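Comments concern the structure below.
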Amino acid sequence: MGGMDVTISQCFIAVDDHDQAIAFYRDALGLEVRNDVSFEGMRWVTVGSPAQPGVSIVLEPPLADPNASPEDRQAMAELMAKGMLGGVIFATDDCDATFERISAAGGEVLQEPMDQPYGVRDCAFRDPAGNLLRFKQPLS
């Protein structure tokens, strides 16, 4: 497959309150808001690290389908509340400082910083919608 580069451009995280999500991702994590789009009663907000202009996270509605049934919407809300819709692992150069900053901003702590047997020091939080976010730093 010579001559073909594949890179990550965007990933998606479902959120149920975009204003809360913006406050968390922008203010607690330090990401920049790159786009904020509404369409057919739904909203998508794109955020990303200033250090990675080509990689974005899109904060999307839990079920971005205007024709979804009430049962499907309820099922999606229940999965999101349990933190079962995926997550993101962020890299940091200082796991402990990142942990302190996010906890001080009110982030829901799932795991305090600890050394893992697979070569990283990491910690974990839930965002306001319940999504799992991990922050890892390579061990020296």
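At-a-glance table
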| read-out | value |
| --- | --- |
| Filter result (within 20 Å of ALA28 (Cβ to Cβ), touching a residue at least 24 places away in the same chain (Cβ under 8 Å) and either touching a Lys or Arg at 6+ places or on another chain (Cβ under 8 Å) or buried (at least 17 other Cβ atoms within 10 Å of the Cβ) (or both)) within the range 114-133 | ARG121, ASP122, CYS123, ASP127, PRO128, ALA129, GLY130, ASN131, LEU132, LEU133 |
| Selection from the range 83-110 of residues that are charged (D, E, K, R) and within 19 Å of GLN20 (Cβ to Cβ) | ARG101, GLU108 |
| Output for the range 64-107, where each listed residue is touching a residue at least 40 places away in the same chain (Cβ under 8 Å) and aliphatic (A, V, I, L, M) | MET76, ALA77, MET80, ALA81, LEU85, VAL88, ILE89, ALA91, ILE102, ALA105 |
| Answer residue from the range 38-54, given it is small (Gly, Ala, Ser) and in contact with an Asp or Glu (Cβ under 9 Å, 6 or more places away or on another chain) and is surrounded by the most Cβ atoms within 10 Å (Cβ to Cβ) among those | GLY48 |
| Condition met for SER9 (of a type in the set (Gly, Ala, Ser) and either free of Cβ contacts under 8 Å to residues at least 24 places away in the same chain or farther than 30 Å from GLU100 by Cβ (or both)) | yes |
| Selected residue (criterion: surrounded by the fewest Cβ atoms within 10 Å (Cβ to Cβ)) from residues of the range 55-82 that are within 20 Å of ASP19 (Cα to Cα), aliphatic (A, V, I, L, M) and out of contact with any helix residue (DSSP H, G or I) (no Cβ under 9 Å at 6 or more places or on another chain) | ALA81 |
| Enumeration of residues in the range 68-94 that are under 11 Å from ALA14 (Cβ atoms) and more than 20 Å from the chain's Cα centre (by Cα) | none |
| Test for VAL120: is it at pLDDT 95 or above and in contact with a helix residue (DSSP H, G or I) (Cβ under 6 Å, 6 or more places away or on another chain) | no |
| Test: residue in the range 34-50 that is at pLDDT below 95 and touching a Lys or Arg at 6+ places or on another chain (Cβ under 6 Å) | no |
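The values are calculated or read from the model by the stated rules, or taken from the named source; none is laboratory data. If you're wondering where the values come from, they're calculated on a predicted model, not measured in any experiment. For neighbour counting, all protein chains shown are included, and Cβ atoms are generated from backbone atoms with ideal geometry for every residue, glycine included.
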